[in-house]
Amino acid sequence: MATYVQLNTTAKMPLVGLGTWKSPAGQVKAAVMAAIDAGYRHFDCAYAYLNESEIGEGIQQKIKEGVVKREDLFVVSKLWCTFHEKPLVKGACQKSLAKLKLDYLDLYLIHWPFGYKIESHPYLTQEKLIKYCQSKGLAVTAYCPLGSPDRPWAKPGDPSLLDDPKIKEIAAKHDKTPAQVLLRFQIQRNVIAIPKSVTPERIVENFQVFDFELTKEEMATILTFNRNWRICEMNVSKNLKEYPFHAEY
Ligand SMILES: NC(=O)c1ccc[n+]([C@@H]2O[C@H](COP(=O)([O-])OP(=O)(O)OC[C@H]3O[C@@H](n4cnc5c(N)ncnc54)[C@H](OP(=O)(O)O)[C@@H]3O)[C@@H](O)[C@H]2O)c1
């Protein structure tokens, strides 16, 4: 299978990218370098993650070492909510570029625009939305693909995808880990996944998802795990009329 999704612009967006939300300063530079060595070429960054400077250092070091060229990479950043007003956009983008030590981004997303609904994993499979986007030629990225176990608001008793016995069972059949099954589930339906890790072994593990295939039945079984469990609910905005997660879609 292809390892990327081709966007309307003809740009190729790698199906697996490194997530960087919550990746701490002091660890994220090494994580980026380990990811490049493991074959990652897509990095999901954002001004609001407060670590773009270190990410830039990691990228620059690998370019200096001759491991990759800038044009081999697909770097994403995001315009934080306080800069959504038109006159503020350019400066915010330039700030991210300066921190990342790049002169262009491959994708600049609006961070938390209202109408933005795509988080996905087996407990929030988003079948209808993904089908609709793909039918219109829109590429979809699944964030929190592993269920975001390090989310700051995790509570005891919350569902845990990585510990789900049925995911574990499928993983064992393929001699793979639960994380690899969760990621393969997305890329096999042409959805880009951006697992975050600062652990070198996991960074490698999360990229080893192109050498096995889930059966049609397994894909269908995983879709039945949906329970509309949303990790990033943006609770502070629940009372706004533009709040995007009330509607059925
Ligand atoms: N646009 C948005 O609004 C938005 C919102 C949420 C997330 N995102 C993006 O999506 C990325 C991914 O989402 P996320 O960070 O919330 O969660 P995630 O990728 O679903 O999960 C990350 C957690 O899983 C652990 N992990 C990673 N690989 C593992 C493995 N193979 N086995 C077991 N545990 C593993 C990580 O630990 P260690 O790091 O300690 O290894 C970390 O605790 C973010 O980092 C960010 O780039 C975007």
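The values are calculated or read from the model by the stated rules, or taken from the named source; none is laboratory data. Everything numeric here is computed off the predicted structure, so don't read it as measured data. Every residue, glycine among them, receives a Cβ derived from its backbone with ideal geometry; neighbour counts consider all protein chains shown.
With respect to the numbered conditions (1) within 14 Å of the ligand (Cβ to nearest atom); (2) touching a residue at least 60 places away in the same chain (Cβ under 8 Å); (3) surrounded by fewer than 17 Cβ atoms within 10 Å (Cβ to Cβ); (4) among the acidic types (Asp, Glu), which one is the sole condition not fulfilled by Asp164?
(3)
Any residue that is of a type in the set (Lys, Arg) and at pLDDT 95 or above - is there at least one of those in segment 228-246?
no
State yes or no: is Asn206 surrounded by fewer than 16 Cβ atoms within 10 Å (Cβ to Cβ) and polar (S, T, N, Q)?
no
Working only within segment 190-203, note down all residues that are in contact (Cβ under 8 Å) with a residue 40 or more places away in the chain and either surrounded by 19 or more Cβ atoms within 10 Å (Cβ to Cβ) or in a helix (DSSP H, G or I) (or both).
Result: Val191, Ile192, Ala193, Ile194, Pro195, Lys196, Ser197, Val198, Pro200, Ile203.
Identify, please: which residue in segment 205-249 is within 9 Å of the ligand (Cβ to nearest atom) and among the aliphatic types (A, V, I, L, M) and is, among those, nearest to Gly17 (Cα to Cα)?
Going through the qualifying residues, I end up with Ile231.
When you go through (1) in contact (Cβ under 8 Å) with a residue 40 or more places away in the chain; (2) within 22 Å of Asn206 (Cα to Cα) one by one for Ile118, which number turns out not to apply?
With respect to (1) in contact (Cβ under 8 Å) with a residue 40 or more places away in the chain; (2) within 22 Å of Asn206 (Cα to Cα), Ile118 is out only on (1).
Tell me which residues, restricted to segment 173-187, are out of contact with any strand residue (DSSP E or B) (no Cβ under 7 Å at 6 or more places or on another chain) and part of a helix (DSSP H, G or I).
Across segment 173-187, the qualifying residues are Lys173, His174, Pro178, Ala179, Gln180, Val181, Arg184, Phe185.
Any residue in segment 11-29 that is among the polar types (S, T, N, Q) sitting within a Cβ distance under 6 Å of a residue that is assigned to a loop (DSSP other than H, G, I, E, B)? List the pairs, counting only those 6 or more apart or interchain.
Thr20/Cys45; Ser23/Asn51; Ser23/Val198; Gln27/Val198
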